[in-house]
Structure formats: C-alpha cells, structure tokens
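The values are calculated or read from the model by the stated rules, or taken from the named source; none is laboratory data. If you're wondering where the values come from, they're calculated on a predicted model, not measured in any experiment. Neighbour counts run over all protein chains shown; Cβ positions are idealised from the backbone, glycine included.
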Amino acid sequence: MATDQPSAPLCSHPDVDMVSFTGSTRAGVEIAKLAAPTVKRVHQELGGKSANILLDDADFETAVTSGVNSCFSNSGQSCNAPTRMLVPASRHDEAVRIAQRAAAAQRVGPADDAQTTMGPVVSDVQYVRVQRLIEKGIEEGAQLAAAGLGGRKA
C-alpha cells in the first residue's frame, strides 16, 4: 500500500483510534508505519487467507467437516476457499482426525458424475501450481493429514 492510496489518510488520521487490516504482509508493514505516529491500535491478519477460526467451545465435528468441504468446493480454486484452520492447541489432534475423515469422504472424479464431490482443476498449469504449493508446504514443515502430492492426473 503506497501512501498515495485512498486508505492512507485513514491509517494516519488522528481521529481514527484503530485500524484493522487483512491482506499482504507488505501492505501491513505500510499500514503499521502510517499508524505509528498517532500510536493507534492496529490489528492485522497478514500473509494468509481465508482462515477458519474455531474456538474451544465450537462443535468441532460440524465446524471442521464443514470447513474441509468448503475448502474442497470447486476443487479449492476459489479466492475465498477456507484454506487454513486455526484451532486451540488442546484440540489440534481432534481437528486433524475429523479433517482426515472429511477429506477421505471426498470423491474425486468427472464433474458431471453425481457421485463426484471434487472435480478436476481447471488446467495443467493449475495442477502444477497445486503440486508446487504442496511441495512448498512440506519443505516448510507441513505434515500432511490426507493425500498429498498427486501422481497421475485423473
């Protein structure tokens, strides 16, 4: 976010007490710089997208299953696909088990087959992109709970 953006005056205005922002880390740094001289509160969710946030008292069976199903909708090719799930550490293993069951219930196949719950990605380019994202996650320490790198394309 450049200082000539329409939101810049809001971030630096003395009558604004708090700024909340979800987006890129680069823009978040700029927002923090603009807000600092007036010492306003700044809340930011940076670098990620579409988080499912489950609190300890949530119905995990319903929430995790719904989150997984929503993420896999449209083969995950939606800008608002809920690709992250933030859960209390004390319920992590439970959430993983539920997510594994929900993922295993997915039926990948032709989009026109009534039994299919997840069709193909849109192109070979997208398929390769997905594989690279999985590889990057593994390199960064992700532990896969279901499936993983694809072998052959369906």
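Observations
- Of the helices (runs of 4 or more DSSP H) lying entirely inside the range 1-102, not one carries at least 1 residues that are on the phi > 0 side of the Ramachandran plot, touching a helix residue (DSSP H, G or I) at 6+ places or on another chain (Cβ under 9 Å) and modelled with pLDDT under 95.
- Taking each residue of the range 27-42 that is closer than 11 Å to residue 13 by Cβ and looking for partners that are exposed (fewer than 13 other Cβ atoms within 10 Å of the Cβ) with beta-carbon atoms closer than 8 Å, six or more apart or interchain, yields 34/3; 38/14; 40/17; 40/18.
- Note on the range 103-127: residues that are within 20 Å of residue 83 (Cβ to Cβ), in contact with a Lys or Arg (Cβ under 8 Å, 6 or more places away or on another chain) and either in a loop (DSSP other than H, G, I, E, B) or free of Cβ contacts under 8 Å to residues at least 24 places away in the same chain (or both) total 2.
- Test result for residue 130, under 19 Å from the mean Cα position of the chain (by Cα), outside any helix (DSSP H, G or I) and either modelled with pLDDT under 90 or surrounded by 13 or more Cβ atoms within 10 Å (Cβ to Cβ) (or both): no
- Being among the basic types (Lys, Arg) and under 26 Å from residue 62 (Cα atoms) is a property that residue 129 lacks.
- Selection count, the range 4-25, where residues are surrounded by 11 or more Cβ atoms within 10 Å (Cβ to Cβ) and not polar (S, T, N, Q): 9
This table checks each residue for (1) surrounded by fewer than 16 Cβ atoms within 10 Å (Cβ to Cβ); (2) farther than 15 Å from residue 147 by Cα; (3) not basic (Lys, Arg).
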residue	(1), (2), (3)
44	no, yes, yes
63	no, yes, yes
74	yes, yes, yes
92	yes, yes, yes
103	no, no, yes
